[in-house]
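Bear in mind that the values in this text are calculations on the coordinates, not laboratory data. Here the structure is a predicted model, which is why all the values come from computation and not from measurement. FYI the Cβ positions are ideal-geometry reconstructions off the backbone, even for glycines, and counts take in every protein chain you see.
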Amino acid sequence: MWRSKAIIIVLVASLVSFTGGFVLRPVIAPTQQTASGAIPSPIAAAPSQARGAQYFVAHVDEARQVVAGCRDGSVRGGECATAEEAIIRIEAQERTKRFLGN
């Protein structure tokens, strides 16, 4: 009897706190707005951030330029590793396609 009441109390308390978190979220952590009043898009990345390997897989020529720049010292940062990783992935896919005859 007591065990079932304790379980029900715990479930109700969890449900109330979970719902309260969703309701109070705009009050606890409001969204950031820019000076113009527009809410910034979470998709747009800041230009100071390194582009990911998926970007370089889609833009192979740019990845090759970044790797060449890294080798001669004109490009530095996190993009060197991700661009090289993307080129390795692309070359591996091409070798696999040639091997399988596709």
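Annotations for the structure displayed:
- Of everything in segment 50-77 that is in contact with a Ser or Thr (Cβ under 8 Å, 6 or more places away or on another chain) and in a loop (DSSP other than H, G, I, E, B), the residue that is surrounded by the most Cβ atoms within 10 Å (Cβ to Cβ) is Arg51.
- Complete set of residues in segment 78-102 that are surrounded by fewer than 15 Cβ atoms within 10 Å (Cβ to Cβ) and under 18 Å from the mean Cα position of the chain (by Cα): Gly78, Ala81
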